[in-house]
1. Over the Cα atoms of region 18-60, how large are the radius of gyration and the largest Cα-Cα distance (Dmax), in Å?
2. Which FRET efficiency value, to the nearest 0.05, do you get for Asp85 and Met20 by plugging their Cβ-Cβ distance into 1/(1 + (r/R0)^6) with R0 = 30 Å?
3. Would you work out if region 92-133 is rounded, prolate or oblate? Take a ≥ b ≥ c from the square roots of the eigenvalues of the alpha-carbon gyration tensor; rounded if a/c is under 1.5, else prolate when a/b is larger than b/c, oblate otherwise.
4. With r as the distance between the Cβ atoms of Asp92 and Tyr10 and R0 = 25 Å, compute the FRET efficiency 1/(1 + (r/R0)^6) and round to 0.05.
5. So what's the net charge close to Glu34: Lys and Arg +1, Asp and Glu -1, counting the other residues with Cβ under 14 Å from its Cβ?
6. Using +1 at the C-beta of Lys and Arg and -1 at the C-beta of Asp and Glu, which of Leu32, Tyr18, Thr7 has the Cα lying farthest in the positive direction of the dipole of region 1-62?
7. Points 7 angstrom from Cα along the Cβ direction at Glu56 and Met3: gap in nanometres?
Amino acid sequence: MKMPVQTIEYLDSLQALYCMFCGRLVHDRGELGEPCEHQVFFYTSEGFAYRSPAFEDAFGLEGDEGESGDDDAENDDEEYDEEDDPEERLFDMKPGEWLAAMPLAHATLIEVFTPPPSGMGVWFGFGLAMVEA
Ligand SMILES: [Zn+2]
């Protein structure tokens with residue numbers, strides 16, 4: 001299943017960002033607001049700051065709030081297979097593809113790039129969950 005995703009690029013990383021569905025302030029001057037029910041993920045160059053339960057479900061991730069404590073170096077047991085790791089599969093995809101793979105209506109990706117020298121990227125995923133009939 002591939003869903004259409006609208007992409008919006010913000011050039012001003014300090015611009016306040018509101019959810020286009022409910023109007024909640026979700027990002028302001030680098031501060032992450034309280035995620036609303038329409039926010040699917042908030043991802044930065046440094047990793048995830050937020051993943052909704054629907055997002056974790058869609059990719060078979062564990063809902064551990066990001067503090068999994070698994071240091072990469074400790075993970076090289078013979079049983080460990082990168083191909084089977086949902087986190088690894090996730091990072092083979094682009095943020096827009098994450099949204100496209102989810103059952104969302106009006107999926108919208110907002111990309112915010114901080115100008116050099118920072119060059120940091122921030123990605124917000126939004127969408128309306130489609131209710132299964
Ligand atoms: Zn909302």
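Derivation of every value follows stated rules applied to the coordinates shown; laboratory data play no part. For clarity, every value in this text was computed on a predicted model and none was experimentally measured. FYI the Cβ positions are ideal-geometry reconstructions off the backbone, even for glycines, and counts take in every protein chain you see.
1. That works out to 10.8, 32 Å for Rg and Dmax.
2. Once rounded, the FRET efficiency stands at 0.35.
3. prolate
4. Given R0 = 25 Å and the Cβ-Cβ separation, E is 0.50.
5. -2
6. Farthest along the dipole direction, towards plus: Thr7.
7. Here the modelled spin labels are 1.9 nm apart.
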